[in-house]
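Student: Sharing a structure below in structure tokens format, with a few things to ask.
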Amino acid sequence: SLRFPQKLWKLLESSKFQSIWWSEGGKCVAINKDLFEVEVLGREGQQVFHTQKMKSFMRQLNAYGFTKTYRSFQRSASLPEFLAEEAAASAHSQILYYYNPGFNREHPWLLETCKRR
């Protein structure tokens, strides 16, 4: 069974979910909170993480060294990122951004450094 960081990575790389994506060119995780609660945490019978609560999911992120960050006002260069952010903004959803130096799309080998605190 995969550890939390590997599950998160698989989720980000999957095209099945609209509620979570790479941001800041693959350096941050962006989560559309409302949609994530329904789309990922609310899945019946096929849970990705061992929780249905956003608070527990965020605690897991913190336990693995992710820190909440705030979006700089610079717009995303990549079209999928830009479209996801625009769609979320127009829906007035809360977008959460998390950063971990060992969790970077361009450097998958750093994933091994994401250890539980």
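The values are calculated or read from the model by the stated rules, or taken from the named source; none is laboratory data. These figures come from a predicted structure and were not determined experimentally. Please note: Cβ atoms are built from the backbone with ideal geometry, for glycine as well, and neighbour counts cover all protein chains shown. Ligands, DNA and RNA are excluded from the accessible area calculation, which covers all protein heavy atoms including side chains. Shrake-Rupley method; radii C 1.70, N 1.55, O 1.52, S 1.80 Å.
Student: Among the listed pairs K27/K53; K16/K55; K10/K55; K16/K115; K10/K115; K33/K115, give every one whose C-alpha distance is greater than 19 Å.
Tutor: K27/K53; K16/K55; K10/K55; K16/K115; K33/K115
Student: May I ask you to list, by number, the DSSP H helices of the chain whose Cα span along the axis is at least 15 Å and whose average Kyte-Doolittle hydropathy reaches -0.5 or more?
Tutor: Values: long enough: 79-90 (16 Å, 0.39).
Helices meeting the span and hydropathy rule in the chain are 79-90.
Student: How high is the relative contact order of the chain, given as a whole-number percent (alpha carbon pairs under 8 Å, six or more residues apart)?
Tutor: Value for the chain: 32 percent.
Student: How do T51, T67, T113 rank by accessible surface area computed with a 1.4 Å probe, from largest to smallest? Show your work: numbers first, answer last.
Tutor: Working: T51 25, T67 65, T113 90 Å².
Most to least solvent-accessible, the answer reads T113, T67, T51.
Student: With +1 assigned to the C-beta of every Lys and Arg and -1 to the C-beta of every Asp and Glu, and no other charges, what is the dipole magnitude of segment 4-110 about the Cα centre in debye, to the nearest 20? Working shown, then result.
Tutor: Numbers: 13 positive and 10 negative charges, 72 e Å.
It works out to roughly 340 debye.
Student: Using a 1.4 Å probe, how large is the accessible area of C28, given in Å² and rounded to the nearest 10?
Tutor: Spelled out: C28, probe radius 1.4 Å, area about 10 Å².
Student: Placing one identical point scatterer on every Cα of the chain and ignoring solvent, what is log10 I(q)/I(0) from the Debye formula at q = 0.12, 0.14, 0.18 Å⁻¹?
Tutor: Relative scattering, expressed as log10 I(q)/I(0), comes to -0.40, -0.55, -0.94.
Student: Where the accessible area of segment 4-110 is counted over protein heavy atoms with a 1.4 Å probe, how much of it, in %, is carbon and sulfur?
Tutor: That fraction is 55 percent.
Student: Calculated from DSSP H runs of 4 or more alone, at -39500 (n - 2.57) each and per residue, what is the 222 nm mean residue ellipticity of the chain, nearest 500?
Tutor: Taken over the chain, the calculation gives -8500 deg cm²/dmol.
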